[in-house]
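Working notes, beginning with the structure itself.
Every number here is computed from the coordinates shown, using simple stated rules; none is lab data. The structure presented is a predicted model; accordingly, all values stated were derived computationally and were not measured. All Cβ positions, glycine included, derive from the backbone under ideal geometry; neighbour counts span all protein chains shown.
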Amino acid sequence: MNLKTKITTGFLAMLLLVLSIGGYAYYSLRQLDRSSRDVLKANLYSIELGQRMLKSLDQLARKPLADTAGTAAFVAALQEESRNVTEPGEQQVVSDLQRLTQQLQQHQQQAQGATKAGQASPLGIEAEPYQLGGLTYQMMALNTDALNRKTEAANLRADQANRNLLLFATLAVLLGLALVGSVPEAAVQPLRKLTAALDHATERNFSASIPQESHDEFGQVARAFNRMLGQLREYRTSTAAELITERNRAASIVNTLDEGLLLLDENRTILLANPVLCELLGMPPEKLLGRPAATVRLENDLFQAMLRPLDAPNREAAVAEAPLLHISQRGEEAFYQLAVQDLVSFNEATEKTEFVGHILTLRNVSDFKKLDQVKSNFLATVSHELKTPLSSINLNTKLLQDERLPADERQRITGYIRHETQRLQRMVAELLDVSRLDAGAGIQLDVEPTNLADVVSFATATVQPQLHDKQLRLEFHQPPRLPEVRADVEKTTWVLINLLANAIRYSPVGAALTVRVAVAGAFVRVSVQDHGPGIAPEHHDRIFQRFAQLPDKTGYRGGSGLGLSIAREFIATQGGRLWVESELGSGSTFSFTLPAVA
């Protein structure tokens with residue numbers, strides 16, 4: 001017999017005994033309840049009616065001839081009693097009561113008639129209430145005796161039921177003790193052997209098998225466990241190297257992440273902190289791993305800020321609304337965005353998904369923050385740049401409407417309007433070029449052999465009015481024999497004009513500008529040198545970024561911040577490069593190269 005059959009048989013026996021006890025108890029209670037109901041209905045109710053009848057007779061005895069209300073109450077109670085006759089001899093008593101009651105009612109009627117006629121009342125009517133009272137007491141005595149007999153019989157039945165229930169309960173306790181003594185031992189003894197074998201297995205001792213002493217379920221478990229030990233012995237040698245490799249691979253991935261990573265278990269104990277996070281916190285790994293997060297947060301403000309969303313009622317909303325963490329790192333400001341993710345694991349034993357911890361990451365979003373700030377500055381700058389020429393155009397247009405204005409003044413104002421309009425056109429063209437680049441449309445080039453001397457001449461002629469306004473001297477240097485380059489004439493000219501315009505803007509009044517064209521290996525280099533305030537080395541790359549703005553000492557801000565970024569795109573697309581050489585207080589030299597025609 002297997003273990004399941006043994007346990008099932010024992011529990012079925014217990015269930016049958018419990019059902020028997022319950023059924024017998026229910027039957028006994030029903031019998032007692034039925035007896036109680038019969039007593040209440042048959043005897044106790046008759047006694048209550050008798051008391052009502054006696055109360056009416058007491059009222060009637062004071063005025064036997066005139067109290068018809070007492071007679072009516074007695075008659076009503078007597079009618080109820082006539083319908084509740086249950087004991088031997090009770091019917092005869094009730095009949096006598098009815099007969100005497102009829103006589104009493106007749107005498108009362110005669111007395112009332114005699115009173116009206118002025119005659120004497122009939123004799124003997126005063127004795128009738130006493131006779132009715134004696135019969136009423138006789139009826140109550142019959143029911144009282146019956147009530148006592150039935151109560152005694154019910155007590156006897158209850159005592160017998162108690163003895164039977166005690167017998168059944170004793171049998172149930174004996175059977176339960178027998179099951180408690182045999183079934184748990186039968187189940188626990190093989191489990192002890194299995195536990196001992198599992199303890200050996202957890203200590204990597206796969207030779208401690210379970211002896212197969214039976215053919216029940218535990219015998220099957222023993223055979224399966226022994227087979228598993230054999231397979232583990234085979235897998236142990238083949239998987240050790242693979243596990244080490246996977247562990248090292250996972251550790252390498254975590255340690256080489258460019259984001260700060262923190263892993264907490266379900267009790268918020270720190271399980272892992274990668275090198276980036278340790279550097280941000282300024283704490284070594286040995287001061288983090290294995291410690292409760294609640295303790296570490298008291299020692300580190302950044303750690304406190306990382307854990308704050310975990311305590312919020314709505315964690316997702318708290319993470320989404322959390323401000324960027326501002327961290328000063330190596331003398332530079334950096335911004336990090338916090339992300340929190342719950343870790344869950346599927347428990348195959350319970351077939352449920354269980355919460356196992358949290359993973360928190362810090363992502364460096366400094367570039368996005370800077371880009372957002374740059375775009376904000378760009379919008380402000382563009383708004384200012386558009387407002388100035390538009391205001392000038394509007395004012396000059398109003399002046400042109402004055403018919404008294406001389407013709408030469410009208411020509412001068414028209415020139416101002418044309419200048420501001422060209423300024424707006426250049427800004428819109430730059431924005432369109434950037435939009436095409438961002439859309440992935442690329443730059444359409446018309447590359448052909450080009451003489452850079454012609455490009456320089458056209459560009460310098462274009463900026464002559466600006467040079468004249470600031471009284472700048474333009475110097476041009478080029479070798480006697482200059483090879484042609486492969487370039488787009490229009491876009492190369494635009495780049496050179498942009499560089500010259502920037503140099504003019506930042507040059508002091510009366511200074512000199514120098515344009516040099518020279519051969520540099522397989523390329524031709526064009527340089528524009530000014531004597532302006534110069535640019536700090538840390539900003540050399542930044543000025544070529546879109547929307548970049550570098551205010552000078554006077555607070556002047558450049559145009560849209562797009563010219564140099566577009567210029568670099570134009571030159572790079574033609575196979576050259578654009579760069580700057582400058583120091584604060586020493587002016588700037590912007591240079592670009594283009595491939596020479598072989």
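If you count, for each residue, the other Cβ atoms within 10 Å and average over each peptide, how do 511-520, 398-407 line up from highest to lowest? Provide the component values of the computation, followed by the final result.
Working: 511-520: 16.3, 398-407: 9.2.
Per-residue Cβ counts within 10 Å, averaged per peptide and sorted highest first, yield 511-520, 398-407.
What shape does the range 257-364 take by its C-alpha gyration tensor, where a ≥ b ≥ c are the square roots of the eigenvalues and a/c under 1.5 counts as rounded, a/b above b/c as prolate, and the rest as oblate?
Details: a/c = 1.99, a/b = 1.53, b/c = 1.30.
It is prolate, given that a/c is not under 1.5 and a/b is the larger ratio.
Using the per-residue mean of other Cβ atoms lying within 10 Å as a proxy for protection, in what order, highest first, do the peptides 283-293, 27-37 fall?
On the way: 283-293: 14.3, 27-37: 12.7.
Packing proxy ranking, top to bottom: 283-293, 27-37.
Projected onto the charge dipole of the range 443-595 (+1 at Lys/Arg Cβ, -1 at Asp/Glu Cβ, origin at the Cα centre), which of Pro537, Ala503, Val515 gives the Cα projection farthest towards the positive end?
Of the options given, the answer is Pro537.
When the Karplus curve 6.51 cos²θ - 1.76 cosθ + 1.60 is applied with θ = phi - 60°, which whole-Hz ³J(HN,Hα) does each residue of the range 585-597 get, with x for Gly and Pro?
So the J values, rounded to whole Hz, are x, 10, x, 9, 10, 9, 10, 9, 10, 9, x, 6, 6.
Considering only Cα-Cα distances, which of the following residue pairs are longer than 29 Å: Lys369/Lys470; Lys398/Lys491; Lys375/Lys491; Lys287/Lys369?
On the way: Lys369/Lys470 38 Å; Lys398/Lys491 36 Å; Lys375/Lys491 25 Å; Lys287/Lys369 31 Å.
In this structure, Lys369/Lys470; Lys398/Lys491; Lys287/Lys369 exceed 29 Å between Cα atoms.
Along the range 79-86, what does the Karplus equation 6.51 cos²θ - 1.76 cosθ + 1.60 (θ = phi - 60°) give for ³J(HN,Hα), rounded to whole Hz, x for Gly and Pro?
Result, rounded to whole Hz: 5, 4, 5, 5, 8, 10, 6, 10.
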